[in-house]
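Since every read-out is calculated from the coordinates, none of them should be taken as a lab result. What you are looking at is a predicted structure, and each value in this text was computed from that prediction instead of being measured. Neighbour counts are summed over all protein chains in view; Cβ atoms, including those assigned to glycine, are modelled from backbone coordinates with ideal geometry.
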Amino acid sequence: MREYNATCDRCGFEYKNHQLKQEWTGLMVCEPCWEPRHPQDFAKIPRTEKAPPWTRPEPTDEFVTVDYISTSVGTQETTIPSGDFGNGL
Ligand SMILES: [Zn+2]
């Protein structure tokens, strides 16, 4: 095999081409840099969330206009009430 200089894609150190090998990421890396793919990447995790059997879109909000002054009955507090709660507050 023809030998030539190659650079590790991770650490950037110079190696010979046969000292680098391809990692699962596709990078050509040296032995200390080489990492196996984590086994959890291959774990089959069952889906716990199941879609409900039927759904319907949320209705649009309806807004009601309320005029507190002109349609109210009795005396309205239109200012901050005076007095305290008996504790000085
Ligand atoms: Zn390296």
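Spread over its residues, the convex hull of the C-alpha atoms of the range 11-51 is 96 Å³ per residue. Highest-first packing order for the peptide set 1-14, 22-35 is 22-35, 1-14, based on the mean count of other beta carbon atoms within 10 Å. Counting neighbouring Cβ atoms within 10 Å and putting the fewest first, the residues R37, R47 line up as R47, R37.
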